[in-house]
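See below for the structure under consideration.
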Amino acid sequence: MTDRKVLYGIGVSAGTASGPAAFVTPAVGIDHDEPASADVEVDGQRVRDALDQVAAGLTERAAHATDSSKQILEATAALAKDRGLVKGIDKELKNGKGVTAAVHDAVEVYAKKLRKIGGYMAERVTDLYDIRDRATARLRGLPEPGVPDLSEPSVLVAHDLAPAETATLDRDMVLGIVTEAGGATSHTAILAAQLGIPAAVKVTGITESLIDATPLALDGGVGEVIVNPSASDVEELEERSRRRAQALAGSSGEGATKDGHKVKLLANIGTAADAANAATMDLEGSGLFRTEFLFLDREQAPTVEEQTETYTSVLKSFGERRVVVRTLDAGADKPLAFADLGPEENPALGQRGVRLTQVREELMDDQLAALAAAREAVPSSDLWVMAPMVATVDEAQWFVDKCRAVGLPKAGIMVETPAAAIRSANVLSIADFASIGTNDLSQYTMAADRLQGELAPLLSPWQPAVLSMIRETCRGGDATGKHIGVCGEAGGDPLMALVLVGLGVSSLSMAPSKVSAVRAALRLHDFETCKQMANYAVDAVNAKEARDAALRLADPVLRDLL
Ligand code: PEP
Ligand code: MG
């Protein structure tokens, strides 16, 4: 496997990387062909050996880990040796189950008990499932699943990465991320950009094209991956990197076009740590705090006190700079255990976002109470709050009333549905502002699942139909005098950012790592050019022509920023 090979996917986080590949092993389920247990003692010993190996592996990793992950790893190792769990497995074996089925069923029984106890014990269910997956892999003679421990900086290669896995990656050791599956607006892609790690998704064939440690070169801007790159490939990549650095040089301060039309440049964040990190950067606040990212692996709803603490910390990080907090957007690809309304045929069209909190109203009330308390704790803050997935005026009214009731001064909505976009003047007569979520707006306008990589061309925000939706939203903003921002991934594309500004958007929120390129792009163009780009793009017949039309009007240096 030393042949040079070039593969293309979707670039989702700009920047270049080269280094050895490190595989993320997927979890495997029950072995459906395994025989029922004929000798409980022998099989019981096999399972005990597997669990011992899992515990030993975790203990070994704990020895090299930092404080907080050390504790988690040690606690998980202890759980692998839990006598109650082992007894439960013996019982399943006695019932005639095969070894992997016995592990799965016993773990499920144990998980139910932990959930019932609640609190800290319920939180351990995630660890329990981790043990189940590791022991199952061992029993099947396969490698344990998950992100490997990296002994040197590497490029991670995975079929796909769960958001929870991506969120915990070590930035110093992960040079880049390449996945076989995923789409430009999947939450894994979003998190990679959030971490500032160059990344390409939907790179078809990547997992078959290499083995662990195969050298890789990656351009996360254009989505190019070179397997076994030559010396000149690496040089070319470095040259791209240099040109980009040059184009970015001197980009600092407030966002504005060449002729001074101001555009606020904001960060998308998902945790208090993201906020602390983004706040040290040259940007004007946060335009999207995805609060559900705080709770992805939580079994229990967070308390008001706990939430207040987190929100207070985020507000403190940004001082007087704007912070736009989005209320819980659970459902579809961001399921939260404590906000689960049961299986749905079409979760993306189901009870997600504001719809879910209308059913589970206490979740919204607790969150707004916590936000109001955080604002009181940091009176100098500029807190804006918005609800996700709003489709009707009634939903907007419901949310705005709740915000007013607890004294939150700025209550807005996200425009993610065509319904909200084409009736934007109506929803904006109620809400104080709107922020366009181009990821979902593309998904719902084009009726194309944002998680399905093959649909990437349909999901492009360059689709003239999506641009028309954005234009309609901005017209509603004009008619009501309300602020329109963009917080979907489109805002972080330097060329698209110009078109959005031309359409009338006055703030752009994106992964913090993308701010400097967008700022540099704005500085290269005057507002009139942005408007012209927008007109041409909306009038184009397809996505490619829309992008080409904008690019033709762009300064040549812009290409180095893409
Ligand atoms: C969006 O849909 O564009 C958005 C910003 O929300 P999320 O990506 O979290 O769904
Ligand atoms: Mg969305």
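The values are calculated or read from the model by the stated rules, or taken from the named source; none is laboratory data. Values in this document were obtained by computation on a predicted structure and should not be read as measured data. Positions of Cβ are generated from backbone atoms using ideal geometry, with glycine treated the same way; all protein chains shown enter the neighbour counts. Protein only, heavy atoms only, side chains kept; ligands, DNA and RNA dropped before computing areas. Shrake-Rupley method; radii C 1.70, N 1.55, O 1.52, S 1.80 Å.
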- Set V314, V304: member being open to solvent by less than 30 Å² (accessible area, probe 1.4 Å), in contact with an Asp or Glu (Cβ under 9 Å, 6 or more places away or on another chain) and either closer than 26 Å to I413 by Cβ or of a type outside the set (S, T, Y) (or both): V314
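For residues that are of a type in the set (A, V, I, L, M, F, W, C) and away from ligand 2 (no atom under 16 Å from the Cβ), tally how many sit in the stretch 456-483.
Within the stretch 456-483, the subset of a type in the set (A, V, I, L, M, F, W, C) is 456, 458-459, 462, 465-467, 469-470, 474, 479.
Okay, now just the ones that are also away from ligand 2 (no atom under 16 Å from the Cβ), so 456, 458, 462, 465, 467, 474, 479.
Of the residues in the stretch 456-483, 7 are of a type in the set (A, V, I, L, M, F, W, C) and away from ligand 2 (no atom under 16 Å from the Cβ).
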- Run down L508, L500 and say which single residue is more than 23 Å from G331 (Cβ to Cβ), open to solvent by less than 10 Å² (accessible area, probe 1.4 Å), more than 14 Å from ligand 2 (Cβ to nearest atom) and not in a helix (DSSP H, G or I). L508
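Working only within the stretch 128-162, note down all residues that are in a loop (DSSP other than H, G, I, E, B), farther than 30 Å from E224 by Cβ and in contact (Cβ under 8 Å) with a residue 12 or more places away in the chain.
Pass one, the stretch 128-162, residues in a loop (DSSP other than H, G, I, E, B): 140-145, 147-153, 159-162.
Subsequent filtering for residues that are farther than 30 Å from E224 by Cβ retains 140-142, 144.
Passing the criteria: R140, L142, E144.
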- Item | Hits in the stretch 459-487 - residues which are part of a helix (DSSP H, G or I) and at pLDDT below 95 | L459
- Restricting the first residue to the stretch 30-42 and requiring it to be part of a helix (DSSP H, G or I), which pairs with a second residue that is open to solvent by 60 Å² or more (accessible area, probe 1.4 Å) meet a Cβ separation below 9 Å and a spacing of at least six or different chains? V40/K94
- Matching residues, the stretch 367-425, being touching a residue at least 60 places away in the same chain (Cβ under 8 Å), within 16 Å of ligand 1 (Cβ to nearest atom) and open to solvent by 10 Å² or more (accessible area, probe 1.4 Å): W384
- Query: Within the stretch 326-350, how many residues turn out to be surrounded by 23 or more Cβ atoms within 10 Å (Cβ to Cβ) and at pLDDT 85 or above?
  - Reply: 5
- Message: Please go through the stretch 382-418 and give me each residue that is of a type in the set (D, E, K, R) and farther than 26 Å from A448 by Cβ, ordered by number.
- Response: D382, D394, D401, K402, R404, K410
